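Working notes, beginning with the structure itself.
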Amino acid sequence: MTRWKMTLGLLALSGQTMAAEPPVTTVTTIGMIADVAREVGGECADVSAIMGPGVDPHLYQASARDVATLQQAEQIFYSGYSLEGQLGNVLERFAEITPTVAVAPSSIDTASLITVQDVYGIDPHLWMDVSLWAQIIPTLADAFVEVRPDCEADIRANADAYASQLEALHGWIEASIATIPEAQRILVTAHDAFNYYGRAYGIEVAGIQGISTETETGVADIRRMTQVVIEREVPAVFIESTINPRTVQAVIDAAREKGHEVEIGGQLYSDAMGEAGTAGGTYIGMLHANTRHIVEALGGESAALPEALEGWAERWEIPAS
């Protein structure tokens, strides 16, 4: 190759580098969307979530800082089905000026939804069934490609790789829950965030509170759940990272007064993931941690992690078995 041709080649390469677009600025509401979006978008996306660890989306109110963050976004992803509560009104206004996607309604067939008899109409906690939440992957990929078409090959490859991980996670949860003795296969939690989990993985779910945390838990709710715990001889109940544990403790105390000992089986991630920089701060880690707590507290044994999750486990120093 002549020096002239080499120079032209270097100039062309320099021009391509200069012309490359920066990562798309993406804002999501909840972490369960943000983590999937980061995996799919890769280096082509700069993803942030408005709601962090321990934040209850049902009760969330947008701050001036949130509005400023949304104003800087090139695209916005939110869950939908009223999960984000009052923030939904803000998102509707932004949809008029910024590409905004309600990922659950855009991705998941309505035949797969759980309907409820309250103001929600639809149970919005779809991420609890990994096979359902995986269906948002193509929606996110298409949205990224729309604004960064030069990244399409990488985005599609990321999407395929992550979909394989979630398929493996779904199977692992199913196998792990199946080890719980059938009589003890009942999950008692603070509120009804685990119905999709129960349906997908074969475990009965009983929440002290309803779908939304906006409603107050009453004495009748405590009595009802105490009776369930005693009659079913439930060995453990679970608190949630986004909800005050007082209602769960009230059930434990009431059951104890009637002669039945029940313990807290652990804290579950329900409406938010864990801290950033931890395994629980990832979507896979959220479901992995929940499942291990549930299985071990109810008398089962976690299955060995499948090969597709070995890379994730090594990254977070999680034992494979």
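Worth a mention:
- On a per residue basis, the chain carries 47 Å² of accessible surface, using protein heavy atoms and a 1.4 Å probe.
- Mean shadow area of the chain over all directions, Cα convex hull, nm²: 19.3 nm²
- Share of carbon and sulfur in the accessible heavy-atom surface of the range 112-191 [1.4 Å probe, %]: 50 percent
- Highest-fluctuation residue, ILE136, ILE114, ILE155 considered, GNM on the chain with Cα pairs under 10 Å: ILE114
- Farthest positive-ward along the range 188-296 dipole, Cα basis, beta-carbon charges - from VAL219, ASN244, THR291: THR291
- For the range 29-88, carbon and sulfur atoms together expose 43% of the accessible surface, with a 1.4 angstrom probe and every protein chain in place.
- Among 239-248, 143-152, sorting by the average number of other beta carbon atoms lying within 10 angstrom of each residue, highest first, gives 239-248, 143-152.
- Sequence of TYR60, TYR283 from largest to smallest accessible area, 1.4 Å probe: TYR60, TYR283
- Share of carbon and sulfur in the accessible heavy-atom surface of the range 214-313 [1.4 Å probe, %]: 46 percent
- Length released on extending from ARG315 to THR25, taking residue separation times 0.36 nm less the Cα-Cα span: 101.8 nm
- Net charge, ILE252 excluded, C-beta distance under 13 Å - Lys, Arg +1, Asp, Glu -1: -1
- Extension gain for SER112 to GLN61 (0.36 nm times residue separation, less C-alpha to C-alpha distance): 15.5 nm.
- Length gained when the stretch VAL147-GLU261 is fully extended (0.36 nm per residue, less Cα-Cα span): 35.4 nm
- Sites ALA175 and ARG232, calculated FRET efficiency, Cβ-Cβ separation with R0 25 Å, nearest 0.05: 0.60
- In this calculation the C-beta distance from ALA308 to ASP154 is compared with R0 = 30 Å, giving a FRET efficiency of 0.95.
- Prolate/oblate/rounded label for the range 93-138 (Cα gyration tensor, a/c 1.5): oblate
- Point-charge dipole on Cβ atoms (K/R +1, D/E -1) for the chain, about Cα centre, debye to 20: 340 debye
- Working from Cα pairs under 8 Å separated by at least six residues, relative contact order for the chain is 17 percent.
The values are calculated or read from the model by the stated rules, or taken from the named source; none is laboratory data. Remember, predicted model here, so these are calculated numbers, not experimental data. In this analysis, Cβ positions are derived from the backbone assuming ideal geometry, glycine residues included, and neighbour counts consider all displayed protein chains. Calculation scope for accessible area: heavy atoms of the full protein, side chains included, ligands and nucleic acids excluded. Shrake-Rupley method; radii C 1.70, N 1.55, O 1.52, S 1.80 Å.
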